1. What do you reckon, is Leu228 at pLDDT 95 or above, within 22 Å of the chain's Cα centre (by Cα) and not acidic (Asp, Glu)?
2. If I filter the stretch 99-112 for residues that are within 16 Å of ligand 2 (Cβ to nearest atom) and within 30 Å of Asp14 (Cβ to Cβ), do I get at least one hit?
3. With respect to the numbered conditions (1) within 25 Å of Asp306 (Cα to Cα); (2) crowded, with 20+ Cβ neighbours inside 10 Å; (3) touching an Asp or Glu at 6+ places or on another chain (Cβ under 7 Å), which one is the sole condition not fulfilled by Leu213?
4. Where in the stretch 167-218 are the strands (runs of 3 or more DSSP E), entirely inside, with at least 2 residues that are farther than 30 Å from Lys6 by Cα and within 11 Å of ligand 1 (Cβ to nearest atom)?
5. Criterion first (more than 14 Å from Pro64 (Cα to Cα), in a loop (DSSP other than H, G, I, E, B), out of contact with any Leu (no Cβ under 8 Å at 6 or more places or on another chain) and among the hydrophobic types (A, V, I, L, M, F, W, C)) does Ala126 satisfy it?
6. Which condition does Ile152 not pass, out of (1) hydrophobic (A, V, I, L, M, F, W, C); (2) under 17 Å from the mean Cα position of the chain (by Cα); (3) part of a loop (DSSP other than H, G, I, E, B); (4) at pLDDT 95 or above, if it passes all the others?
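The values are calculated or read from the model by the stated rules, or taken from the named source; none is laboratory data. Note that the structure is a prediction, hence the values are computed from the model and not measured. Don't worry about glycine lacking a Cβ; one is built from the backbone with ideal geometry, like all the others, and counts go over all protein chains shown.
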Amino acid sequence: MSETLKTRILGTSDAEIAEAGQKLGRGELVAFPTETVYGLGADATNDKAVARIFAAKGRPSFNPLIAHVPDIETAERLCVFSPEARCLAEAFWPGALTLVLPLRSGNGISRLVTAGGDHLALRMPAGDVATAIFKAAKTPIAAPSANPSGRISPTTADHVKAGLMGRIDAIVDGGPCPVGVESTIIGFTNGATLLRAGGIPAEAIEACLGTMLRSPAADAALTAPGQLASHYAPGAAVRLNARTAVADEVLIGFGTIAGDLSLSPTGDLVEAAANLFRLLHKADAMRKPIAVAPIPETGLGRAINDRLTRAATPRD
Ligand code: TXA
Ligand code: MG
């Protein structure tokens with residue numbers, strides 16, 4: 001796609017939400033806020049619209065997408081829920097949880113959304129703006145994070161503008177995303193499995209199910225290709241578990257390690273998650289190597305470390 005589209009910036013008035021819904025219904029690309037990160041939405045039943053997502057992001061085409069719905073009824077029309085899946089949906093939806101479930105026949109979802117597979121990643125986000133847009137669009141919305149492929153996920157409309165202006169039809173500016181990391185993804189092939197750590201801590205899901213989650217197999221890149229090692233990378237080099245800055249590094253601190261910027265001065269992992277991508281963007285904009293303080297591997301710390309490890313993986 002050439003960079004010549006006029007990207008319309010919309011607010012969240014009823015008229016603007018209705019316009020966003022109409023645009024999606026016509027096969028246009030609209031970025032919108034969710035409680036986790038901004039999504040780049042397209043009608044999930046429209047192959048061409050979905051293909052435009054990959055073009056706009058420059059995303060590897062084997063990556064399947066999450067379909068977003070406004071309510072459980074729509075979700076149940078698309079996929080078969082096991083008792084375990086239903087239990088998690090009732091406990092955590094609307095919210096930062098994605099369930100990978102078998103598609104029903106005649107579901108209408110574009111094959112591009114599942115990358116040709118027979119399982120669909122489904123999510124009902126929390127947040128009035130996202131829900132209102134899905135209702136106005138009257139169709140499930142396929143939406144990856146609204147960043148160019150391989151770059152940091154956007155948590156404000158300005159991040160989306162910086163990455164995708166001129167490449168998509170509209171951006172709905174609903175302010176910053178409160179959670180700040182993507183949804184937790186659970187699959188159910190061979191038992192409930194954590195496919196991606198995210199906004200709902202794995203411990204909360206385990207408590208709800210009454211069992212431990214399985215870890216993805218070593219070949220998880222094939223089942224969740226978005227998990228390719230260097231997927232969440234800023235332009236600069238990233239060094240982890242740093243207690244002090246070396247040479248001209250920007251140090252992103254946490255807790256007692258103050259740093260030049262801090263994910264959370266009080267060591268609060270929820271605050272750190274909400275700040276993560278914003279601070280990576282900020283450090284990246286300084287065009288210096290980035291060092292990051294150690295983050296504990298508990299609760300949302302797992303999702304934060306997962307993102308940081310990807311950011312630190314050298315790209316070729
Ligand atoms: O919070 C979120 O989940 C955000 C907001 C916009 O909803 N979306 C998001 O989408 O993070 P994306 O495309 O950046 O990440 C989706 C992940 C990818 O790792 C992809 O491989 C995985 O979900 N995925 C999608 N469909 C799948 C499927 N059928 N089976 C296994 N993994 C799947
Ligand atoms: Mg993404």
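1. Details: at pLDDT 95 or above: no; within 22 Å of the chain's Cα centre (by Cα): yes; not acidic (Asp, Glu): yes.
Against the criterion (at pLDDT 95 or above, within 22 Å of the chain's Cα centre (by Cα) and not acidic (Asp, Glu)), Leu228 does not qualify.
2. No, the stretch 99-112 contains no residue that is within 16 Å of ligand 2 (Cβ to nearest atom) and within 30 Å of Asp14 (Cβ to Cβ).
3. (2)
4. Numbers: elements: 170-172, 184-187, 193-196.
Ranges flagged: 184-187, 193-196.
5. Values: more than 14 Å from Pro64 (Cα to Cα): yes; in a loop (DSSP other than H, G, I, E, B): yes; out of contact with any Leu (no Cβ under 8 Å at 6 or more places or on another chain): yes; among the hydrophobic types (A, V, I, L, M, F, W, C): yes.
Answer is yes for this residue.
6. (4)
Let's see how each residue does on (1) among the hydrophobic types (A, V, I, L, M, F, W, C); (2) within 17 Å of Ala146 (Cβ to Cβ); (3) buried (at least 17 other Cβ atoms within 10 Å of the Cβ):
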site	(1), (2), (3)
Ala15	yes, no, no
Ala31	yes, yes, yes
Thr34	no, yes, yes
Lys48	no, no, no
Ala55	yes, yes, no
Leu65	yes, yes, yes
